[in-house]
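What follows is a single structure, written as structure tokens, with notes after it.
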Amino acid sequence: MVELSQCKSRRVLLKFLALCFLVCLVNVQVAKAKIRKHKWEVKYEYKSHDCYQKLAMTVNGKTPGPTILAQQGDTIIVKVKNSLLLENTAIHWHGIPQIGTPWFDGIAGVTQCPILPGDTFTYRFVVNRPGTYLYHAHYGMQRESGLYGSIHVSVPDGISEPFAYDYDRSIILNDWYHKSTYEQATGLSSIPFQWVGEPQSLLIQGRGKFDCSSMDAGVCNASNQKCSPFVMTVVPGKTYRLRISSMTALSALSFQIESHKMTIVEADGHYVEPFVVQNLFIYSGETYSVLVKADQDPSRNYWAVSSVVSRLPNTTSALAIFNYNSIHPEKKPPTTPHNGPQWNDVALRLAQSHAIKARHGYIYQPPKTSDRVMVLLNTQNTIDNYLHWSVNNVSYNLPRTPYLIALKENLSHTFHQSSPPDKYDIANYDIYAVRNNTNATSSDSIYRLEYNSIVDVILQNANTMNPNNSETHPWHLHGHDFWVLGYGIGKFDMNNDPKKYNLVNPIMKNTVPLHPYGWTALRFKADNPGVWAFHCHIESHFYMGMGVVFEEGIDKVGKLPSSIMGCGETKATYSP
């Protein structure tokens, strides 16, 4: 009996010590988490990113804006003053799931009312996972005016990442238009339809080069130092982690560094089973980390090149200089820049998509089955002679009262209550033909998802309203990461293609490409209470209706802050 009593005492003591250890560990982690405050002013300023002077949207005078640096578990507070004078705005924290703070996702019409000119709005959220993320305007087509930047979240102290490097650098790739977003939006909303066209320039970290030879020097000055190539200086023998992000309005890109190989190690905040590429294909809204070793001849500089793919290029490639530190940073490389792979080589781009797998030891395996399957057909159509982009022949438009507020405050009359279609006529729809889509409609209805359910989304591409044309669409999901189960070319086969899903080591992402005439299969868990947009990340496509909205667990959302109100039927409840 004495021995039994002693054993029980030891077990109790061990449990107590284990509990103390866990409490101490939690307290240490909480103590290490920091609050990182930022004060931003958003306004227009004249910039010459590509030598052509135009109004650009800036954060504290910069575009790209300041990089947010944080550690996993930190709280980010950003106080934004809207000094645009004549425009509303809102800022989305791209890739941050906003767990517990769905009202700070930053998309006007979905999670908040826009920030009015002269007003100040404070975002507050926790960065819950290390990785590379973005922020950008999410009001109208403002993102392409220059309001964007990087978010770098590092691992907590004492924790190592599964790859080694000496230096950490950031590169944002972008395309650049000379027309204002007002001019572009007007053309997209007109009869006859006026397409935005191909961008005038490509930018690497906010710098590009436009041909000024036929323009007045006061408007376009090729000797302006502010549009000289971006220079990345490296030390021979050192390894660099390049966090490469795409904030393009339209273009899919190929990025390469002359004579240097890149090892992909992270995508959208998740570790990738490393593999080596010569060209990194990157689509709007995606982020990658690649490792590059400065192991070439250090007696010269090298070109870094960003080029358009997936569209017939009508935009000159952007050039930057990969500069070995013993060489003058402005000394041009002795070689002719190479523009990379053919723009229409779909197989090469598809091969990279297939190659991205979750890293061994960091695999989050998806559920084996799903509770709901949605097939979303991406098409163009006309409604009352206006051109639209649509999903299952429904073109999306946002309501005046944001969904999150309407659902939480029981204002159901502010948007359509019927559910959009889950599927299209799979058996009879020819994805390779130009269809008139005469049954197209516009709507602001949303998909209601059962809380904690497993949802499959099949994105199906098709022909546009131009013969022999199918475009690449990068789709971005707010509030979640999803498993990428597979890609394919042609029409998705509901019986056979699911048998080919990767359920072993699929990568998780928040943005994924849908290739021409192809399909992409995703799976996610609807476990984040709120209202979340899912849309094409091409600015003009989303503006013309290419998106949907998911609602899940709205009864579990906490009390809404009054600062997100002030529009539609919430004007009387606004309190800045």
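Determine the per residue accessible area of region 46-121 with all protein chains present and a 1.4 angstrom probe, expressed in square angstrom. The partial results should precede the final answer.
Working: 2340 Å² over 76 residues.
That works out to 31 Å² per residue.
Rounded to the nearest 0.05, what FRET efficiency do Ile327 and Ile35 give with R0 = 41 Å and r taken as the Cβ-Cβ distance? Could you check?
Values: r = 42 Å, r/R0 = 1.03.
It comes to 0.45.
Leaving out ligands and nucleic acids, note down the accessible area per residue over region 161-361 with a 1.4 angstrom probe, in whole Å². Walk me through the intermediate numbers first.
Working: 8300 Å² over 201 residues.
That works out to 41 Å² per residue.
How far apart, in nanometres, would the label points at Leu348 and Asn410 be if each is projected 7 angstrom from Cα along the Cα-to-Cβ direction?
In this crude label model, Leu348 to Asn410 measures out at 6.0 nm.
So how much slack lies between Ala427 and Val276, counting 0.36 nm per residue of separation and subtracting their Cα-Cα distance, in nm?
Numbers: separation 151, 0.36 × 151 = 54.36 nm, distance 3.99 nm.
Length difference between fully extended and current span is 50.4 nm.
List the residue ranges in the chain for DSSP H helices whose C-alpha atoms run 27 angstrom or more along the long axis and whose Kyte-Doolittle average is -1.0 or above.
Working: long enough: 2-32 (45 Å, 1.04).
Taking the DSSP H segments of the chain (at least 27 Å long, mean hydropathy at least -1.0), we get 2-32.
Over the Cα atoms of region 24-159, Rg to Rh with Kirkwood Rh, two decimal places? Don't skip to the end; give the middle numbers.
Details: Rg = 15.8 Å, Rh = 15.6 Å.
My calculation of the ratio gives 1.01.
Starting from the Cα of Lys559, draw a straight line to each of the lysines and keep only those under 19 Å, dropping any in the same chain fewer than 8 residues away.
Output for Lys559: Lys408, Lys571.
How many nm is it between the label spots at Arg400 and Asp157, if each spot is 7 Å from the Cα in line with the beta carbon?
Placing both labels 7 Å along Cα→Cβ, they lie 5.3 nm apart.
Consider a paramagnetic label point 7 Å from the Cα of Asp166 along Cα→Cβ; state which residues of region 302-328 have an amide N under 20 Å from it.
302-304, 321-328
Calculate the all-directions average of the projected area of region 387-533's alpha-carbon convex hull, and give it in nm².
Numbers: hull surface 38.5 nm².
Computing the convex hull of the Cα atoms and averaging its projections yields 9.6 nm².
What distance in nm separates the simple spin-label points at Ser259 and Arg372, each placed 7 Å from Cα in the Cβ direction?
5.5 nm
If the label point is 7 Å along Cα→Cβ of Glu569, which residues in region 426-445 have backbone nitrogen under 17 Å from it?
Correct set: 444-445.
Take a quick pass over region 161-361 and tell me how many lysine pairs come in under 20 angstrom between Cα atoms, counting only ones 8 or more apart or on separate chains.
Total qualifying Lys-Lys pairs in region 161-361 comes to 11.
Rounded to whole Å, give me the distance from the Cα center of region 122-146 to that of region 262-284.
21 Å
Using a 1.4 Å probe on the protein chains only, how many percent of the accessible area of the chain belongs to carbon and sulfur?
Details: 12940 of 24170 Å².
Looking at the chain in its full context, I get 54 percent from C and S.
Please give the FRET efficiency for Thr233 paired with Arg124, using the beta carbon to beta carbon distance and R0 = 45 Å, rounded to the nearest 0.05. Can you show the working numbers first?
Values: r = 36 Å, r/R0 = 0.81.
Computed FRET efficiency for Thr233 and Arg124: 0.80.
Below 14 Å, Cα to Cα, which aspartates and glutamates can Lys34 reach? Residues fewer than 8 away in the same chain don't count.
Answer for Lys34, where 14 Å is the Cα cut-off: Asp74, Asp157, listed by chain and number.
Between Arg311 and Arg448, what FRET efficiency follows from the Cβ-Cβ distance if R0 is 41 Å, with the result rounded to 0.05? Intermediate values should be presented prior to the final figure.
Details: r = 36 Å, r/R0 = 0.88.
The pair Arg311/Arg448 has a calculated efficiency of 0.70.
Relative contact order (percent) for region 161-361, with alpha-carbon contacts under 8 angstrom and 6 or more residues of separation? Before the final figure, lay out each step's value.
Working: 440 pairs, mean separation 46.8, N = 201.
Answer for region 161-361 is 23 percent.
Viscosity 1.002 mPa s, temperature 20 °C: what is the translational diffusion coefficient of the chain from Stokes-Einstein with a Kirkwood Rh over Cα pairs, rounded to a whole number of µm²/s? Don't skip to the end; give the middle numbers.
On the way: Rh = 25.0 Å.
In µm²/s, the coefficient rounds to 86.
Could you check what % of the DSSP bridge pairs in region 372-558 are antiparallel, to the nearest 5? Intermediate results must be reported in sequence, preceding the final value.
Numbers: 35 of 47 bridges.
So the antiparallel bridges in region 372-558 amount to around 75 percent.
I'd like the per residue volume of the convex hull spanned by the Cα atoms of region 161-361, given in cubic angstrom.
So the per-residue hull volume is 142 Å³.
Relative contact order (percent) for region 37-172, with alpha-carbon contacts under 8 angstrom and 6 or more residues of separation?
Values: 294 pairs, mean separation 38.1, N = 136.
Over region 37-172, the number comes to 28 percent.
Tell me what the chain gives for mean residue ellipticity at 222 nm when only DSSP H runs of n ≥ 4 count, each as -39,500 (n - 2.57), the sum divided by the residue total, rounded to 500 deg cm²/dmol. Intermediate values should be presented prior to the final figure.
Details: 5 runs with 60 residues, N = 576.
Here the helix-only value at 222 nm equals -3000 deg cm²/dmol.
Mind checking the per residue accessible area of region 372-558 for me, 1.4 Å probe, whole number of Å²? Numbers along the way, then the final one.
Numbers: 6500 Å² over 187 residues.
Per residue, region 372-558 has an accessible area of 35 Å².
The values are calculated or read from the model by the stated rules, or taken from the named source; none is laboratory data. Note that the structure is a prediction, hence the values are computed from the model and not measured. We place every Cβ from the backbone using ideal geometry, glycine too, and count neighbours over all the protein chains shown. We work out accessible area using only protein heavy atoms, side chains counted, and drop any ligands, DNA or RNA first. Shrake-Rupley method; radii C 1.70, N 1.55, O 1.52, S 1.80 Å.
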